[in-house]
Every structure is written in C-alpha cells, then in structure tokens.
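The next block holds one structure in the form of structure tokens; read it before the comments.
The values are calculated or read from the model by the stated rules, or taken from the named source; none is laboratory data. Computed from a predicted model, the values in this text were never measured in an experiment. Here the Cβ positions follow ideal geometry from the backbone for every residue, glycine too, while neighbour counts run over all protein chains shown. Just the protein is used for accessible areas: all its heavy atoms, side chains included, with ligands, DNA and RNA removed. Shrake-Rupley method; radii C 1.70, N 1.55, O 1.52, S 1.80 Å.
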Amino acid sequence: QVQLVESGGGLVPAGGSLRLSCAASGRDAVGWFRPAPGAGREFVAAIDWSAGNTYYSDSVKGRVTISRDYAKNTVYLQMNSLKPEDTAVYYCSADRRGLSTYVTGIYDPQFWGQGTQVTVSS
C-alpha cells in the first residue's frame with residue numbers, strides 16, 4: 001500500500017501561483033488529476049520517480065511543472081498563471097507499474113491521496 005498526502009492548496013487570485021506537494025511512502029510513478037467538467041477526472045501531469053520523465057496534459061502544458069525531491073520523497077506540482085477554471089480539488093496518485101496508465105490515457109492508477117483544494121478567484 002502506498003500512502004499519499006497532498007498539501008499546498010489554497011485561495012489565489014487569477015494569474016497567481018501555487019505549489020502542491022504530494023508526500024509519498026514509496027517511489028513510484030506519480031500523477032496529478034482534477035475532476036473534469038461534467039464528470040470523470042482530468043489528467044494534469046505525471047512523473048516517473050526513477051528516471052524523472054514527465055508527462056503533461058495539453059490543457060496545462062507551459063503553466064505547470066511536475067518535479068520530485070528524493071530526500072523528501074515528495075512530488076511537487078508548480079502551477080503558474082492560474083485561471084478561475086483551474087479551481088478544483090487536485091488529487092495525487094501513484095502507480096507501481098510506471099507511467100503507462102498516465103501516458104496511455106487509461107488513467108487508472110493504483111493509489112490515491114485525499115486531495116487538496118485549489119481555488120482561483122477572478
């Protein structure tokens with residue numbers, strides 16, 4: 001079982017920045033999601049722990065950077081130029097099988113965190 005604890009959410013004005021953290025008990029592929037408008041989940045970004053390969057959704061590419069800190073066993077999601085439509089609960093996930101679930105669009109990671117709320121005011 002992998003434990004994931006998110007933090008760093010909050011209220012920011014449009015154009016502002018936030019850095020979300022995901023403290024993990026393991027070193028697996030980690031990805032971030034948020035609820036999709038209407039239904040389902042929207043993939044945001046993912047990173048492979050060992051090689052550091054990253055993968056982003058087109059909707060956030062250029063505004064979001066995912067990274068990892070070995071010493072702290074933590075994955076970060078730096079979000080810049082935030083828009084009101086970025087308002088959501090952001091969930092951290094992990095998958096021991098690697099990045100495939102994120103890259104292929106299957107979006108079925110094995111483990112999930114509880115989420116952290118991001119609110120962007122207009």
At a 1.4 Å probe radius, carbon and sulfur cover how many percent of the accessible area of the chain? 48 percent
Provide the per-residue ³J(HN,Hα) series for the range 50-61, in order, calculated from phi with Karplus coefficients 6.51, -1.76, 1.60 and θ = phi - 60°, each as a whole number of Hz, with x at glycine and proline positions. 6, 8, x, 5, 10, 8, 10, 6, 5, 5, 10, 4
Could you state the accessible area per residue of the chain in Å², with a 1.4 Å probe and every protein chain left in place? 48 Å²
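Report the local net charge at Arg41: Lys and Arg +1, Asp and Glu -1, summed over other residues whose C-beta lies under 11 Å from its C-beta.
-1
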Area accessible to solvent at Glu42, 1.4 Å probe radius, in Å²: 40 Å²
Semi-axes of the equivalent ellipsoid for the range 37-122, please: Cα gyration tensor eigenvalues, times 5, square-rooted, ordered largest first, whole Å. 21, 16, 13
To the nearest 500 deg cm²/dmol, what mean residue ellipticity at 222 nm is calculated for the chain from DSSP H runs of n ≥ 4 alone, each contributing -39,500 (n - 2.57), summed and divided by the residues? -500 deg cm²/dmol
Which value, in Å² and to the nearest 10, is the accessible area of Asp69 when all protein chains are kept and the probe is 1.4 Å? 40 Å²
So what J values fall out for the range 10-17 if you push phi through Karplus, 6.51 cos²θ - 1.76 cosθ + 1.60 with θ = phi - 60°, rounded to Hz, Gly and Pro as x? x, 9, 9, x, 3, x, x, 10
Would you please give the residues with an amide H less than 5 Å from that of Gly16, counting only those at least 5 places away or on a separate chain, with H modeled from the backbone geometry? Leu82
